[in-house]
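Participant: Sharing a structure, written as structure tokens. Questions coming.
The values are calculated or read from the model by the stated rules, or taken from the named source; none is laboratory data. Fair warning: this is a prediction, and the values are worked out from it, not measured in the lab. Neighbour counts are summed over all protein chains in view; Cβ atoms, including those assigned to glycine, are modelled from backbone coordinates with ideal geometry. These area figures cover heavy atoms from the full protein model, side chains too; ligands, DNA and RNA do not enter into them. Shrake-Rupley method; radii C 1.70, N 1.55, O 1.52, S 1.80 Å.
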Amino acid sequence: MASPVSEPEIHLAARRAAQLRAEIARHDTAYYVFDAPEVPDAEYDKLYSELVDIEARYPALVTPDSPTQRVSGAVAAGFQPVVHTVPMLSLNNGFTDQEVHAFDQRCAQALHKTVLEYACELKFDGLAVSLRYVDGVLMQAATRGDGARGEDATANIRTIRSIPLRLQSKSAPRLIDVRGEVVILKRDFERLNQRQRAAGQREFANPRNAAAGSVRQLGSNITAQRPLSFFAYGVGALEGADMPLTHHALLDWYLELGVPVCTQRAVVHGVAGLLDFFQSIKIQRDALPYEIDGVVYKLNWLEDQAQLGFVARAPRFALAHKFPAQEALSRLIAIEVNVGRTGAVTPVARLEPVLVGGATVTHATLHNEDEIRRKDIRIGD
Ligand code: IVH
């Protein structure tokens, strides 16, 4: 017999899940298709984890179209689709030390080991790409897209100076997909926006959008003028060479082949090693030349990675340890009223634009009239 208490509870959960899905889908379109996010990553992550929690509590509420059931993204019109031989996956996120402990414990249990070896690196905030080298020559460059299918951006990617058009060394494999992130350095971002302003063109909200918007341009002459950089952090298909034994060795091999790898990386042991790396990067964050939103931990031995495998959209052997949401102060310019598709009315704060976590925030929800009264929110605050 159905419990009389749980009935309304599951209805509430179902309604909230539907709301979250709609909101996440909207943000996905803004982010992936238009390169123009409306909320900072931390806000998006909060919505996403709330949905993951609800679905974990009520598995019956999982729908095939839930964003948790696929990797978001779409192939924009104007680019040829590219099917990734090895899918480009996403990463699971953690925000707290407890989540890092839990990740380490899961890995240790699965591998029947006590102290594990990890490769630590930065979580770059840019655009993931896959570079295919055949006999050492760059033949194709694709964006991640939805992970299974991306966009052919070869002409644009070829304009990025730090990406070699030909691998150095005679030991280049017959075929290799080098994976990594196209980023724009902070100082280059500032300069680019100055140029955009001077030319009366739209400024970019953050370095990630500048990088993504520059690669996803129909016209490589425009991409060529953008100061883009690249860091490798993974591998897809590989033929005609042995896979290195560790992630660290893979990155060392890239350096030999002339592929850029970020110097901020380390091999550490156990959870203490992970948290030390996180702390040391957190302290350096502002001084780093590029925007990052956390660090990434990967089991260093590829054999261990293979044993752990994947779930849905992300590997079990890796974790993105993200920095906490950033706060910022702004002034309330006006209270606007937003009427939703269903007729629901929501008061929205128009704010003096403020940079938070790499995104320019101009609006914030005020939820409802009670909330405004309770907090005594006034224009000018
Ligand atoms: S590895 C199998 N390493 O984060 C794991 N991804 O949330 C595949 N990213 O699409 C990704 N820095 O754009 C990896 N050091 C790093 C990364 C990184 C940034 C991005 C990448 C990916 C997304 C996953």
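So that you can scan it fast, the table gives a plain yes or no per residue for (1) open to solvent by 10 Å² or more (accessible area, probe 1.4 Å); (2) assigned to a strand (DSSP E or B); (3) under 23 Å from residue 304 (Cβ atoms); (4) within 16 Å of the ligand (Cβ to nearest atom):
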residue: 86; (1), (2), (3), (4): yes, no, yes, yes
residue: 103; (1), (2), (3), (4): no, no, yes, yes
residue: 120; (1), (2), (3), (4): no, yes, yes, yes
residue: 129; (1), (2), (3), (4): no, yes, no, yes
residue: 141; (1), (2), (3), (4): no, yes, no, yes
residue: 150; (1), (2), (3), (4): no, yes, no, yes
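Participant: Which of the residues belonging to segment 311-340 are over 16 Å from the mean Cα position of the chain (by Cα), surrounded by 18 or more Cβ atoms within 10 Å (Cβ to Cβ) and either modelled with pLDDT under 90 or closer than 28 Å to residue 286 by Cβ (or both)?
Facilitator: Result: no residue meets the conditions.
Participant: Hey, another quick one. Hey, among 15, 21, 70, which residue is modelled with pLDDT of 75 or more and open to solvent by 40 Å² or more (accessible area, probe 1.4 Å)?
Facilitator: Criteria check complete, one pass: 15.
Participant: On to the next question. Does residue 98 count as without any contact (Cβ under 8 Å) to a residue 40 or more places away in the chain and either crowded, with 18+ Cβ neighbours inside 10 Å or within 23 Å of the chain's Cα centre (by Cα) (or both)? I'd like the intermediate steps shown before the answer.
Facilitator: On the way: without any contact (Cβ under 8 Å) to a residue 40 or more places away in the chain: yes; either crowded, with 18+ Cβ neighbours inside 10 Å or within 23 Å of the chain's Cα centre (by Cα) (or both): yes.
Considered against the rule, which asks whether it is without any contact (Cβ under 8 Å) to a residue 40 or more places away in the chain and either crowded, with 18+ Cβ neighbours inside 10 Å or within 23 Å of the chain's Cα centre (by Cα) (or both), residue 98 comes out as yes.
Participant: Name the residues in segment 180-194 that are of a type in the set (Val, Ile, Thr) and more than 16 Å from the ligand (Cβ to nearest atom), would you?
Facilitator: Answer for segment 180-194, where residues must be of a type in the set (Val, Ile, Thr) and more than 16 Å from the ligand (Cβ to nearest atom): there is none.
Participant: If you take the residues of segment 109-118 that are open to solvent by less than 20 Å² (accessible area, probe 1.4 Å) and more than 14 Å from the ligand (Cβ to nearest atom), which of them is farthest from residue 231 (Cα to Cα)? Steps first, please.
Facilitator: Here is the first cut: in segment 109-118, the residues open to solvent by less than 20 Å² (accessible area, probe 1.4 Å) are 111, 116, 118.
With more than 14 Å from the ligand (Cβ to nearest atom) added as a condition, the list becomes 111, 116.
Working: 111: 30, 116: 25 Å.
That would be 111.
Participant: Also, I was wondering about something else. Would you confirm, using the coordinates I've provided, whether residue 295 is surrounded by 14 or more Cβ atoms within 10 Å (Cβ to Cβ) and touching a Lys or Arg at 6+ places or on another chain (Cβ under 7 Å)?
Facilitator: Numbers: surrounded by 14 or more Cβ atoms within 10 Å (Cβ to Cβ): yes; touching a Lys or Arg at 6+ places or on another chain (Cβ under 7 Å): yes.
For residue 295, the condition - surrounded by 14 or more Cβ atoms within 10 Å (Cβ to Cβ) and touching a Lys or Arg at 6+ places or on another chain (Cβ under 7 Å) - is met.
Participant: May I pose another question? Would you mention how many residues in segment 214-225 are surrounded by fewer than 21 Cβ atoms within 10 Å (Cβ to Cβ), more than 15 Å from the ligand (Cβ to nearest atom) and either assigned to a helix (DSSP H, G or I) or of a type in the set (D, E, K, R) (or both)?
Facilitator: 4
Participant: For the structure I just gave you, tell me whether residue 177 is in a loop (DSSP other than H, G, I, E, B), acidic (Asp, Glu) and within 16 Å of the ligand (Cβ to nearest atom). Reasoning before the result, please.
Facilitator: Values: in a loop (DSSP other than H, G, I, E, B): no; acidic (Asp, Glu): yes; within 16 Å of the ligand (Cβ to nearest atom): yes.
The answer is no for residue 177.
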